[in-house]
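The values are calculated or read from the model by the stated rules, or taken from the named source; none is laboratory data. The shown structure was predicted, so the numbers you read here are calculated from the model rather than taken from an experiment. Positions of Cβ are generated from backbone atoms using ideal geometry, with glycine treated the same way; all protein chains shown enter the neighbour counts.
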Amino acid sequence: MKKKLIAFVCFLLVSLSGLPQLPVRLNERPVVLNTSTGALKGKMVTPNQESGYPVVLIIPGSGLTDMDGNSAALPGKNNSLRYLAEGKGIASLRYDKRGIASSASAGKDEYSMRFEDGIKDARGWIDYLSKDKRISGIYVLGHSEGALVGMAASGDNPKVKGYISGASRL
C-alpha cells in the first residue's frame, strides 16, 4: 500500500509540475538538535498555515556536502537541496551533518566518525519532528549516502510515514 501511495504522490507531483503555480508563502527558521558531541544545526521550512502539513527530513549526501547540497570540495554552489526544500509548499527540515559547515563543532575527529553516527543523528531529527504537533506526517528523503542513512533511520520506525531515495546506489 505504501508503494502505491508513494507512486501516486510522485505521479501527482510530476503531473502538476507543468501547471502554472501560485506563489507559496514559506517560513524558514533555524533549528538545533543537541547531541552528545555538540549542536547539529539545520533549517526548517514550513508553509504559511497553522498545522496539518507533512514534513520531509532531507539528509545530505557524502563528504563535505552541506544542508543546501553544496560541497566545499567543488567550486560554486548548486543549492539543490535548498531548492528542493523550497518547492511546492511542503514543509522540510534539512541539516548540516556533524563536522560540516554550521555543525562543524559537533564533529568528532575524522577517524572516530562512523556511519552509525549519521543514522543516530537522523533518528534524532525524526524524534525532534515527531514532537511538533503541527506536523501530520514525517517523510525521509536521503540524497546519495544520505539515502542509506535515511533508509536505516526510517526502517521499522513508526514515526516515519515514507522514505524517498534520491541518487543513491541502493
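Laid out as a table, the results:
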item	result
Boolean, Lys120 is at pLDDT 85 or above, of a type in the set (D, E, K, R), outside any loop (DSSP other than H, G, I, E, B) and closer than 17 Å to Ser36 by Cβ	yes
Pick from region 124-152, criterion among the small types (Gly, Ala, Ser) and free of Cβ contacts under 8 Å to residues at least 40 places away in the same chain, ranking: surrounded by the fewest Cβ atoms within 10 Å (Cβ to Cβ)	Ser130
Hits in region 70-114 - residues which are part of a helix (DSSP H, G or I), farther than 17 Å from Leu57 by Cβ and at pLDDT below 70	Glu110
All positions within region 32-54 that are assigned to a loop (DSSP other than H, G, I, E, B) and under 17 Å from Ser130 (Cα atoms)	Glu50, Ser51, Gly52
